[in-house]
1. Excluding residue 16 itself, calculate the net charge of residues whose Cβ lies under 13 Å from the Cβ of residue 16, where each Lys or Arg counts +1 and each Asp or Glu counts -1.
2. Over the chain, with every protein chain in place, what whole percent of the accessible area is carbon and sulfur at 1.4 Å, could you tell me?
3. Over 14 Å apart: what share of the alpha carbon pairs of the chain falls there, rounded to a whole percent?
4. Taking the chain as the reference, fit the longest principal axis to its C-alpha atoms, fit the long axis of helix 6-46 to the helix C-alpha atoms, and give the angle between the two in degrees, 0 to 90, nearest 10.
5. Ignoring ligands, DNA and RNA, what accessible area per residue does the chain give at 1.4 Å, in Å²?
6. Once the Cβ-Cβ distance between residue 8 and residue 34 is put in as r, and R0 is 30 Å, what FRET efficiency do you end up with, to the nearest 0.05?
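The values are calculated or read from the model by the stated rules, or taken from the named source; none is laboratory data. Predicted model only: the values in this text are computed from it and were never measured. Glycine gets a Cβ as well: all are built from the backbone with ideal geometry, and neighbour counts include every protein chain shown. All accessible areas refer to the heavy atoms of the entire protein, side chains included, with ligands and DNA or RNA removed. Shrake-Rupley method; radii C 1.70, N 1.55, O 1.52, S 1.80 Å.
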Amino acid sequence: MRELSAEARLHLYARALSRQTRASVHHAAMYSAFAVIAAIVFGTLSVHPF
(Lines give C-alpha, C1' and ligand atoms only; values in the text may rest on other atoms or scores of the structure.)
Protein backbone atom coordinates (compact mmCIF):
# COMPACT_ATOMS: atom_id res chain seq x y z
CA MET A 1 0.00 0.00 0.00
CA ARG A 2 1.44 3.33 -0.97
CA GLU A 3 1.82 6.17 1.47
CA LEU A 4 -0.19 9.33 1.01
CA SER A 5 1.49 12.69 0.99
CA ALA A 6 0.73 15.16 3.75
CA GLU A 7 -1.33 17.24 1.36
CA ALA A 8 -3.43 14.22 0.33
CA ARG A 9 -3.98 13.23 3.96
CA LEU A 10 -5.04 16.78 4.80
CA HIS A 11 -7.44 16.81 1.86
CA LEU A 12 -9.02 13.51 2.92
CA TYR A 13 -9.31 14.72 6.51
CA ALA A 14 -10.94 17.97 5.36
CA ARG A 15 -13.45 16.09 3.21
CA ALA A 16 -14.35 13.77 6.09
CA LEU A 17 -14.72 16.71 8.45
CA SER A 18 -16.90 18.55 5.94
CA ARG A 19 -19.09 15.47 5.56
CA GLN A 20 -19.49 15.17 9.35
CA THR A 21 -20.29 18.86 9.69
CA ARG A 22 -22.87 18.66 6.92
CA ALA A 23 -24.49 15.65 8.61
CA SER A 24 -24.61 17.34 12.01
CA VAL A 25 -26.12 20.50 10.51
CA HIS A 26 -28.73 18.33 8.78
CA HIS A 27 -29.57 16.59 12.07
CA ALA A 28 -29.79 19.90 13.93
CA ALA A 29 -32.15 21.27 11.27
CA MET A 30 -34.36 18.19 11.48
CA TYR A 31 -34.53 18.28 15.29
CA SER A 32 -35.29 22.00 15.34
CA ALA A 33 -38.04 21.52 12.75
CA PHE A 34 -39.63 18.82 14.89
CA ALA A 35 -39.30 21.07 17.95
CA VAL A 36 -41.08 23.92 16.17
CA ILE A 37 -43.87 21.61 15.02
CA ALA A 38 -44.26 20.20 18.55
CA ALA A 39 -44.33 23.72 20.02
CA ILE A 40 -47.04 24.78 17.57
CA VAL A 41 -49.14 21.69 18.27
CA PHE A 42 -48.70 22.01 22.03
CA GLY A 43 -49.44 25.72 21.88
CA THR A 44 -52.66 25.23 19.94
CA LEU A 45 -53.82 22.45 22.26
CA SER A 46 -53.11 24.44 25.42
CA VAL A 47 -55.21 27.47 24.36
CA HIS A 48 -58.70 27.48 25.82
CA PRO A 49 -60.87 29.45 23.42
CA PHE A 50 -64.00 29.37 25.60
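1. In short, +4.
2. C and S fraction of accessible area: 70 percent.
3. 71
4. Orientation of helix 6-46: about 0 degrees from the principal axis.
5. Numbers: 4950 Å² over 50 residues.
Ligands and nucleic acids excluded, the result is 99 Å² per residue.
6. Working: r = 40 Å, r/R0 = 1.32.
Efficiency at R0 = 30 Å is approximately 0.15.
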